[in-house]
1. In the chain, with Lys and Arg counted as +1 and Asp and Glu as -1 at Cβ, which of these residues, L84, L157, N168, has the Cα nearest the positive end of the dipole, that is, farthest along it?
2. GNM, the chain, Cα, under 10 Å: largest mean-square fluctuation among I91, I22, I182?
3. Could you give the dipole magnitude of the chain about its Cα centre, charging the beta-carbon of Lys and Arg +1 and that of Asp and Glu -1, in debye to the nearest 20?
4. With the crude spin-label approximation of a point 7 Å out along Cα→Cβ, what separation in nm comes out for W7 versus E36?
5. Please give the length that would be gained between S45 and I104 if that part of the chain were fully extended, namely 0.36 nm times their separation in residues minus their C-alpha to C-alpha distance (nm, one decimal).
6. Return the FRET efficiency for the residue pair E239, L17: r is the Cβ-Cβ distance, R0 is 35 Å, and the value is rounded to the nearest 0.05.
7. Using a cut-off of 17 Å between alpha-carbon atoms, which lysines can reach K47, once sequence neighbours fewer than 8 places away in the same chain are excluded?
8. What does the net charge come to around S103 if you take all other residues with beta carbon closer than 12 Å to its beta carbon, with K and R at +1 and D and E at -1?
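What follows is calculated from the coordinates using simple rules that are stated; it is not laboratory data. Small disclaimer: the values here were computed from a predicted structure and weren't measured. In this analysis, Cβ positions are derived from the backbone assuming ideal geometry, glycine residues included, and neighbour counts consider all displayed protein chains.
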Amino acid sequence: MTKDELWLRTIVQKNGLPITDIQLAKLSQYAKLLKEWNQRINLISRKDEVNIWPNHLLLSIAFLFKIELRTEMRVLDLGTGGGLPGIPLSIMRADVHFVLLDSIQKKVTAVKNMVEALELPNVSAFCSRAEDVSDAPGYKHAFDAVIARAVSGLENLVAWGIPLLKGNKTPASLSMVPNEKITLNRPAIIAMKGGENEEEIERTRRLFPRVHVHSLDIVLIGGEILQSAGKRLIIVENE
């Protein structure tokens, strides 16, 4: 086991998420593929290649530390870029189907190649702009969750994401219990954001009065890097 694999396994296990040797091996393979593709296509910052494990793999998996995804859910990764967070999440949750969406064809081509090399049957990738795909067959009202990391403002994510979510008559009411995972009882948008988000959240509430917006700090055992990065999850439910 490499130093990076041991580091990630330690943090993941400290936070109550099981991880197997096979999953670790696939994450290592993905990190290698991401670096290789990044030499040809700008998928992540070249300066950030040395930080793939903490800044990209861990931050992608961090969704699972706080959110409980149900088996057989359909999840759309909006603006996936180089497959983040969708590919690491799909490695950790083979029982959930992920659709990876990006507007740049060469990035989608790279993602498709990596998915094939990693042998991930629960992943598909598609090239389109988010605002164009909302009415496309198989995408409109087709997903249990729309996730995004470092993609546009919250207002745009809500405008693009709401039409993609399945309809649900269950009342919007997340159970926010400290130190417990959140179970999504209805379709939702989940965005990982850094910095101060209060003004962005208030603008979203004014523009979309029927949505319920929840903010959740990511505080992890052994995950000081996430605390220093000031990351939080913004969860948006639609009535």
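1. Result: L84, furthest along the dipole toward the positive end.
2. Comparing I91, I22, I182 in a Gaussian network model of the chain, the most mobile one is I22.
3. The calculation lands at about 200 debye.
4. It is 2.2 nm.
5. 19.6 nm is the gain from fully extending S45 to I104.
6. 0.65
7. K32, K35
8. Net charge in that neighbourhood comes out at 0.
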